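So the structure is just underneath, and the comments pick up after that.
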Amino acid sequence: MAIITRIAVHAFKESIRDKVLYTLVLFAVLLMGALYLIGQLTAGQDVKIIKDLGLAATQIVGLFIAVFIGIGLVSKEVERRSIYSLLSKPIRRHELILGKYAGLVLTLAVNVAVMAVALYLVLGYMSWIESEEFKATWVRPAADPAMWSALFLVFVQLALVTAIALFFSTFSSPSLSAVLTFGLYVVGHFNADLRNFESVVDSSVAVYLARALYYVLPNLAPFDVKAAVVHGEPVSLGYVAMTTWYGAAYVAALLLASVFIFSRRDFK
Amino acid sequence: MSTPAIKLDGLTKDYAVGFWRPRPYRALDQVSLEVASGEVLGYLGPNGAGKTTTLKLLMQLIYPTAGTAEILGRPAGDVGARRRLGYLPELPYFYDNLSAEELLVYFGGLFSLSAADARRRAATLLDRVGLGAARHQRLRRYSKGMLQRVGIAQALVNDPEVVFLDEPMSGLDPVGRRDTRELIRQLGAEGRTVFFSSHILSDAEALCDRVAIMAQGKLIATGRIADLAFEVLGWEVVVSGGSLDGMRALGFDEAAREVDGRLVIELTIDQPPERVLPELARQGAQVVALTPRHESLEDYFMRMVSQPGDAD
Ligand SMILES: Nc1ncnc2c1ncn2[C@@H]1O[C@H](COP(=O)(O)OP(=O)(O)OP(=O)(O)O)[C@@H](O)[C@H]1O
Ligand SMILES: [Mg+2]
């Protein structure tokens, strides 16, 4: 456990010193600021647009962080051969994978938190300057605490995407891993359609295949509660817990598979 | 006999080469070797001989096709053994965003050193490899030779009993080579087992108790340098009188040449002087000098490398 912690701390340090990360987070924070201007242009529109765009920005920027840093941390070690000296230390390969993953999730948590704070600041500022009459037209207050459930599920989804990126990077090249991860991300959002496949075709083989894919591929749509939160529909704690549980189980399976592959791999 | 520090037994590694129809390519073929505790062993061979492959198998960076590798009596990859070894990879590379000191503190931590102990250790080691002044600089800005020195320092972070160095001199300037040679000598004097690969024979000659010579994946010779280097390869006979044509008639074509009006004939090991000299006398040649040709390590190495099959 001590070893995993040390690897995680190192992975965290390594990633927060990455220029790509700075750039992405800076971009996100600027974007949040720009949302305020957009809000001004669409005056009369309510605060929903800003919440919606802000959450979307957090998700997209987080996705890029998860994919690029997620892939980089293991495959860069392999590609640049730093793994040779690292693995000659008294660590086991599974500790390396788990430590890296923990470090990445920590990186993500910090970044999602930074973006969330930026979003809340923008919303808080709006709430501060707008008149009471105008605010009365909002379904929910600007700096709505209920947004936390959306932000939290974005984070869980990103942790899952990171596990996917890590999984691919244990056996394929960084660029292929990126393509595969983005691919799976997109597929993951339309996964639910596979379930209703039988209403579209009547080949039973195709239906079984679709069913199998439905269960194997990650289902990412449930993590997206932006619309509900923005429109003031309640997202129950039970739903958040269930979805988190699904994410955690999927992450565990991916990490297990990553460890299995990584432990058998030749670093030549 | 006590357990050897390093033991290879029939170690074999096939790499799959070719994309569409992968075929196995034997990079290492049935290598068996023991290194006693406290011994400094030079693992010599030309490019592609299988030195790096052997070291990677010992570190379990790759898995053997057949055979076993043991360090301190434990199978390669054993965490307990790794606690007591150090490894310098070939052309080492680390993390761009860390300084040399941070790297050593991180690696020290993996050996459960406390941060303070690791920092102290880092300072000592970085001074020892001549990087004291650059220790806070990010590794991104290190030159190849500086990275090589960091590589040596990180291999010693845990005060290892067994040290594996893959081409420790590569990328170093003359001063660096001398320092590294001195360092290896010290490691040996401190009673550590050192296993280092090289194709620089003079380094091995000055440092090693024993060498193992590899060529094309096979171990072709092991032994004390003195025993290997001074093996008699043949003789050189200088004669006066006789003619080059006469020598050709005896079968010395290439082997005979004229130098300053005398004939110099190179005899191989299959042409012992006892047998050849009477024949020369019959040609009317008088022996002026007969010198055995001792093989230098370099010659030995080159010969073995060009004809690995002849060694068996
Ligand atoms: N990843 C790989 N895939 C296929 N063949 C490989 C791979 N790595 C090494 N080889 C082959 O294995 C053989 C041994 O390589 P190795 O790197 O062990 O040699 P070496 O003795 O360390 O050489 P050098 O002095 O150049 O470092 C070579 O013929 C090489 O081509
Ligand atoms: Mg090599």
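Where a number appears in this text, it was derived from the coordinates with a stated rule and is not lab data. Being a predicted model, the structure only gives us computed values, none of them experimental. Cβ sites come from the backbone with ideal geometry, for glycine too, and all protein chains shown count toward neighbours.
Descriptive notes on the structure:
- Distance (nanometres) between label positions extended 7 Å along Cα→Cβ at A:S236 and A:L37: 4.4 nm
- Computed E for B:R185/B:T291 - FRET, C-beta separation, R0 30 angstrom, nearest 0.05: 0.35
- On the basis of the beta-carbon distance and an R0 of 35 Å, B:I269 and B:A206 show a calculated FRET efficiency of 0.80.
- Candidate cross-link partners of B:K144 among the lysines, defined by an alpha-carbon separation under 20 Å and a same-chain spacing of 8 or more, comprise A:K76.
- In a fully extended conformation the segment linking B:E236 and B:A66 would gain 56.7 nm over its present Cα-Cα distance, using 0.36 nm per residue.
- With Cα atoms, 0 to 90° folded angle of helix B:174-189 axis to chain B main axis: 80 degrees
- A crude spin-label estimate for the pair B:D173 and A:R265, with each label 7 Å from Cα along the Cβ direction, gives 3.8 nm.
- Given charges at Cβ of Lys, Arg, Asp, Glu: the protein assembly as shown dipole, positive-most of B:A221, B:N47, B:Q186: B:Q186
- Whole-Å distance, taken between Cα centres, linking segment B:277-294 and segment A:6-27: 77 Å
- Only Cα pairs under 8 Å and 6+ residues apart enter the sum, and on that basis the relative contact order of chain A stands at 26 percent.
- Sites A:Y22 and A:A248, calculated FRET efficiency, Cβ-Cβ separation with R0 30 Å, nearest 0.05: 0.55
- Computed about the Cα centre, the dipole magnitude for segment B:232-294 is approximately 140 debye when only Lys and Arg (+1) and Asp and Glu (-1) carry charge, each at its Cβ.
- Averaging the Cα positions of each part gives two centres, and for segment B:108-126 and segment B:57-71 these lie 29 Å apart.
- What the Cα atoms of the protein assembly as shown give is an Rg and a Dmax of 33.6, 128 Å.
- Per residue, the convex hull volume that the Cα atoms of chain B enclose (Å³): 183 Å³
- Crossing angle, helix B:144-155 versus chain B [Cα axis fit, 0-90 degrees, rounded to tens]: 70 degrees
- Where labels lie 7 Å past Cα in the beta-carbon direction, separation of A:V216 and A:M1 in nm: 3.6 nm
- Shielding by other protein chains, B:74-84, mean Cβ within 10 Å: 2
- On Cα atoms only, tilt of A:147-169 relative to the major axis of chain A in degrees: 20 degrees
- Tensor-based shape of segment A:2-263 (alpha-carbon gyration tensor, a/c under 1.5 rounded, otherwise prolate or oblate): oblate
- Full extension of the chain between A:V179 and A:E132 gives 12.1 nm of extra length, using 0.36 nm per residue less the Cα-Cα distance.
- ³J(HN,Hα), Karplus 6.51/-1.76/1.60, whole Hz, each residue of segment B:33-38, x for Gly, Pro: 6, 10, 10, 6, 4, x
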